[in-house]
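*Asks:* Supplied in C-alpha cells, the structure appears directly below.
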C-alpha cells in the first residue's frame, strides 16, 4: 500500500496551537503569578527591597505603583506578543525565502563553549599531557580523563523534565506542546517537596565525593555547611554544579554554586567572589540588577557560592512565552533598561562581564525584575588579554574575533544581540566558527573599515592582503574546507527590514516605537566599538527614556 504524505496546512496548525494555548491559559487562570509590572517607570531607577537586618536582600520588591504615572504602568503587562499569527506568518515567509534564522529558544551554548575552549587551549598551546596522566601503554596521550563505560552511562540518572539550572542550560519547554505523560516533579517551594530530615554526610560514607570530572556528587537531603538543606540538583555548567537548597536559618530558598574540585577552577571561583563583593559594595541598595552573592564557604574540598534564588533565565522566558516569535516590545524595553543599569554598575567598577547572553540573565517570579548573573568569565578591564574565544560565540563582539583591544563596548554588543533575540525569538548572528561569525556580521552590518581591520591581530586569518574577506566554507562534495574570497559592498540582511517584516496590523504608534528600538539596536551593534553607544547614553535613548505623556 502506497503511503502518500498529506500537505501541511499551516493555518490549521496555527489555529490548533492557539486553541491549545487558550485552553492552557483557561486551565491555570487565577493560579499563576500575574505578569503585572505595576510601577515599572521607564525613566526612573528601580527601587529595591530594604535590606533586612544582618542579611542581603534575596529578591528586590516590585516598585510602588504610586511612584509612576498610570499611563506608564498599566495593571496588566503581558510578556507575550498579542498577534502571534502575523509573527508566525513573517517567520514562514522568511523561511520560504531561505532566510530562516536560528531559534533563540532552542539554542544550547554549552557545546559551543566547550568547542571554543578547546580551540582556545590549542591557540595558547596549553594542551600538553600531564606526566602524571601519561600511560605508555596507550597510543594516544591527549585524553586526561577516563572515558565512561557503557554501563556507567546507562546508570547515570536522567535529568528531570522540570529541572532548571540558574547558571547552565535548561530543558526545551514548549507551552504549545501537549502535556507530558510522565508525572512532573513537585516544585521545590511546595511543602510536600521539602525533605523531612536533613543531616550532614559522614566522610566515611562514600569513597569519593566527586565524579571523574571533579563535580560534587549531590545528595538530596544533605545538610551543607550545617544550614543548607539540598532540595534539587539543578544541573551543571562548565565550571560548577548548581543546587537549590532551603536555608534553615532564614527559611528562604537559595541557589548554591558548587565549584569543581580543581585548583584552577577554585581560583576562578575566588575571583568571581571578589568581583561580586565589589559590585555589591558599589550598589548597597540593590538597584543595578546584578545578582547578589550572600556568602561563600568550603564543603568537602569544594568552594561554594550562595546566591539569592531567582526563577528562570531569559532563554527559558523565550521558550515559554516567545518561542520563535519573541516577547512584546514593552517587556523588551523594561528588560533593556535594567540591563543598561547593570552595565553602568559594571563600568563603574571597571568590570567586564565577558559572557552576557539570555542564559546568564535571571528574572524573578513575576518576571518584572532581572539580574545579570554568572560572572565566572568576568575580569577587571585592565586584564583584557587578546584572545579570539572570549564570550559565547553568538554574542562575541567583532573586536574580540579580530584580536583588537577591547573594553566595555564588548558587553554592549552582547546586550544588543540579546535584545534582538528577546523581540524576535531568533538569534541575530550565527556561525560554526569565528570566520563564519564575521561573515554573518557583515551580511547584517556591512563591511569593516580598513582602519579597524589594520588594528586586528587576527585579521590575516580572515582577510587577504587587500582586506577582502576570506570565507572558509565546507565543500559539499569533499566536505573539506575551501576558501572563497568575498568582497562585501553593502549588507544583504539589514536589521531594519528584518525587524519591520512583521508590522502588519500594528498601529502607527507601535511602529514608531519599533523604529526607536531599531535605532537603539543600530547603536548597540556598531562594528566599530568606539562608535558603540555607552550604557548611560542608552538609558537616555528615546526608546528607553520616555516622557510621561509619550
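Just so it is clear, none of the values below were taken in a lab; they were calculated from the coordinates. Values in this document were obtained by computation on a predicted structure and should not be read as measured data. Heads up, the Cβs are rebuilt from the backbone with ideal geometry, glycines too, and the neighbour counts pull from every protein chain shown.
*Asks:* Just report the Cα centroid separation between region 483-526 and region 295-314, whole Å.
*Replies:* Using only Cα atoms to place each centre, the spacing works out to 40 Å.
*Asks:* Give me the orientation-averaged projected area of the Cα convex hull of region 208-320, in nm², one decimal.
*Replies:* Numbers: hull surface 32.4 nm².
Reported value for the Cα convex hull: 8.1 nm².
*Asks:* Taking the Cβ-Cβ separation of residue 432 and residue 387 as r and a Förster radius of 22 Å, what is the calculated FRET efficiency to the nearest 0.05?
*Replies:* Values: r = 19 Å, r/R0 = 0.85.
With a Förster radius of 22 Å, E is 0.75.
*Asks:* Can you tell me the order of 386-397, 412-423 when each peptide is scored by its average per-residue count of other Cβ atoms within 10 angstrom, highest first? It would help to have the intermediate numbers written out before the result.
*Replies:* Numbers: 386-397: 21.3, 412-423: 25.9.
Final packing ranking: 412-423, 386-397.
*Asks:* Please identify which residues in region 438-478 have an amide N closer than 18 Å to a label point set 7 Å out from the Cα of residue 493, following the Cα→Cβ vector.
*Replies:* 438-448, 469-474
*Asks:* Starting from the Cα-Cα distance between residue 407 and residue 503, subtract it from 0.36 nm times their residue separation and give me the gain in nm to one decimal. Could you put the intermediate results ahead of the total?
*Replies:* Details: separation 96, 0.36 × 96 = 34.56 nm, distance 3.58 nm.
Contour length minus Cα-Cα distance gives 31.0 nm.
*Asks:* What is the Cα coordinate range of region 312-540 on the first, second and third principal axes, sorted by size from largest, in whole angstrom?
*Replies:* 52, 45, 32
*Asks:* Exposure proxy check: 441, 265 ranked by fewest other beta carbons within 10 Å?
*Replies:* Details: 441 23, 265 18.
Starting with the residue having the fewest Cβ neighbours, the order is 265, 441.
*Asks:* What is the Cα coordinate range of region 254-408 on the first, second and third principal axes, sorted by size from largest, in whole angstrom?
*Replies:* Cα spread of region 254-408 along its principal axes, largest to smallest: 44, 40, 29 Å.
*Asks:* Still on this structure, please answer the following. Using 0.36 nm times the number of residues separating residue 510 and residue 270, minus their current alpha carbon distance, what extension gain do you get?
*Replies:* Additional length available on full extension: 81.7 nm.
*Asks:* For a paramagnetic label modelled at 7 Å from the Cα of residue 252 toward its Cβ, which residues of region 267-289 fall within the zone defined by backbone nitrogen distances under 16 Å?
*Replies:* Answer for this model: 280, 284-289.
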